[in-house]
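Working notes, structure below.
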Amino acid sequence: MEDVEKLLKTSLAELERILATKTVVGEQIAIGDTILIPLLSVGFGFGAGGGSGKGEMSSGEAGSGEGVGAGVGGGGGVKPIAMIIIDANGVRIEPIKGTTASAVESLGSVIGKVVEASTKKSKSE
């Protein structure tokens, strides 16, 4: 059982490291005078199990009856949900809706609009 406890402590410490503020609020991206800050949704699942044993097996099969077992598993995902845009017009949040594929397309669209607005602003100055 010590192995299971050690696995759990190690896994939980790693999860704590991963689930920091930077995980849901991404690194800022500067494009000209515009700053983009991605907001992300983080989800995960986690499980752990263990075992032990001693003595003879009661089913009559061969073996000394000793045993040990342990296991830890997990999975997760990150999905972009919105973009904070800070520019000369102020601060706004642009949501990113839909599936991962459409989210990536939406993100590209938002960045494209920001670049276009930034380019127009630079030309007019």
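The values are calculated or read from the model by the stated rules, or taken from the named source; none is laboratory data. Because the structure is predicted, anything quoted here is derived from the model rather than measured. No Cβ is skipped: glycine too gets one built from the backbone with ideal geometry, and neighbour counts run over all protein chains shown. Remember, those area values only see protein heavy atoms, side chains included, never the ligands or the DNA or RNA. Shrake-Rupley method; radii C 1.70, N 1.55, O 1.52, S 1.80 Å.
Need pairs with beta-carbon distance below 9 Å; first residue at pLDDT 75 or above and within region 13-29, second part of a strand (DSSP E or B) and open to solvent by 80 Å² or more (accessible area, probe 1.4 Å); sequence gap 6+ or separate chains. Cβ pairs passing all conditions: 24/78.
Evaluate the following for residue 54: is it open to solvent by 40 Å² or more (accessible area, probe 1.4 Å), out of contact with any His (no Cβ under 7 Å at 6 or more places or on another chain) and modelled with pLDDT of 70 or more?
The answer is yes for residue 54.
Number of residues in region 79-99 that are modelled with pLDDT of 85 or more and either surrounded by 11 or more Cβ atoms within 10 Å (Cβ to Cβ) or at negative phi (or both) equals 14.
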